[in-house]
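Here the structure comes first, spelled out in structure tokens, and everything after it is commentary.
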Amino acid sequence: MKTLNMTLCESAGCRRDREDKSRTDPRPAADGLRVCWVCRDRLGEYLASLPGLAADCEQAMIRATGLHDKVSGTSEPGLPLNLAAGDARAQLLAVLAEWAGMVADERGIRPPGAWGLCEMPHGFIGPANRVYRYRSDAVATAGYLRRHLDWLCAHPAAGDLCAEVGDLVHIADKAAYPDPPRRRLLGPCVVVGCGGLITANVYLDRPERSAVVCDVEPEAHRWGRDRWHELKPARTAVAA
């Protein structure tokens with residue numbers, strides 16, 4: 001009998017438990033890629049979210065946390081610092097820059113940046129030279145990686161990239177918003193035939209992220225604050 005040689009997704013986070021609870025092996029890799037389409041799309045979404053998380057970490061760096069660094073040479077406390085947010089932002093920028101550098105080196109293309117005019121000496125007469133200025137900020141590097149997403153997902157290091165970017169999202173999100181959501185079990189999922197349980201996750205510091213989520217189909221059976229009116233059996237519990 002001829003056996004089918006199936007290449008599996010190399011992303012460490014890829015599991016098929018949502019389609020079949022008895023299966024925990026990775027999904028098949030997409031044609032020409034080393035990861036499946038689900039992990040490929042998730043990587044793109046994570047990369048798109050990182051610039052915002054970097055900005056959130058920057059804001060959180062000076063958010064009051066109860067930790068104050070003393071101003072050198074004085075008895076006055078300095079600005080309240082969120083050291084975890086600063087570390088997360090630095091790690092985020094470093095990892096993105098490293099992967100962007102790999103893309104540039106291996107593909108023989110320019111790294112993220114833009115052309116600009118070189119500053120010329122006072123009194124210089126003639127056409128100004130153009131120079132290419134490299135950008136290592138989160139917007140530039142994350143956007144650069146997204147433009148090369150399919151190439152990256154076909155690279156031997158695709159699984160490592162998925163893992164590192166997933167870790168970055170988790171670390172940066174936790175550092176920028178350390179307060180966990182308030183959770184309340186509401187009961188059976190309201191989707192007919194589902195059989196799961198729904199839980200209200202309420203973020204006091206980020207109300208826009210508050211949602212009611214099903215434990216069986218967390219992506220498909222999910223209701224944001226603007227849709228809580230659809231949960232008639234659970235509406236009273238959510239409001240409380």
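The values are calculated or read from the model by the stated rules, or taken from the named source; none is laboratory data. Treat the numbers as computed from the prediction; the structure is a model and nothing was measured. Here the Cβ is made from the backbone with ideal geometry for all residues, glycine too, and neighbour counts use every protein chain on show. These accessible areas exclude ligands, DNA and RNA; they are computed on the full protein's heavy atoms, side chains included. Shrake-Rupley method; radii C 1.70, N 1.55, O 1.52, S 1.80 Å.
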Answer yes or no: is there a residue in the range 93-116 that is at pLDDT below 85, in a loop (DSSP other than H, G, I, E, B) and surrounded by 17 or more Cβ atoms within 10 Å (Cβ to Cβ).
no
If you go through the range 60-92 one residue at a time, how many are at pLDDT 50 or above and surrounded by 13 or more Cβ atoms within 10 Å (Cβ to Cβ)?
15
Just a yes or no: is a residue in the range 147-167 touching a Phe, Trp or Tyr at 6+ places or on another chain (Cβ under 6 Å) and not acidic (Asp, Glu)?
yes
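When only residues in the range 34-55 that are in contact with an Asp or Glu (Cβ under 7 Å, 6 or more places away or on another chain) and either part of a loop (DSSP other than H, G, I, E, B) or modelled with pLDDT of 95 or more (or both) count, which is surrounded by the fewest Cβ atoms within 10 Å (Cβ to Cβ)?
Within the range 34-55, the first condition is being in contact with an Asp or Glu (Cβ under 7 Å, 6 or more places away or on another chain), and the residues that meet it are 34-35, 53.
Subset that is either part of a loop (DSSP other than H, G, I, E, B) or modelled with pLDDT of 95 or more (or both): 34-35.
Values: ARG34: 23, VAL35: 28.
Going through the qualifying residues, I end up with ARG34.
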ASP150 vs (1) under 13 Å from the mean Cα position of the chain (by Cα); (2) closer than 29 Å to PRO28 by Cα; (3) among the acidic types (Asp, Glu): all pass except (1)
Is it the case that some residue within the range 134-146 is over 14 Å from GLU45 (Cα atoms), charged (D, E, K, R), open to solvent by 10 Å² or more (accessible area, probe 1.4 Å) and in a helix (DSSP H, G or I)?
no
Please enumerate the residues belonging to the range 198-233 that are open to solvent by less than 40 Å² (accessible area, probe 1.4 Å), part of a strand (DSSP E or B) and either out of contact with any helix residue (DSSP H, G or I) (no Cβ under 9 Å at 6 or more places or on another chain) or not hydrophobic (A, V, I, L, M, F, W, C) (or both).
ILE198, THR199, ASN201, VAL213, CYS214, GLY224
The range 28-49, residues that are within 13 Å of LEU8 (Cα to Cα) and of a type in the set (A, V, I, L, M)
ALA29, ALA30, LEU33, VAL35, VAL38
Test: residue in the range 168-176 that is free of Cβ contacts under 8 Å to residues at least 60 places away in the same chain and among the acidic types (Asp, Glu):
no
The residue that is modelled with the lowest pLDDT, considering only those in the range 174-192 that are over 30 Å from ALA54 (Cβ atoms) and open to solvent by 80 Å² or more (accessible area, probe 1.4 Å), is VAL192
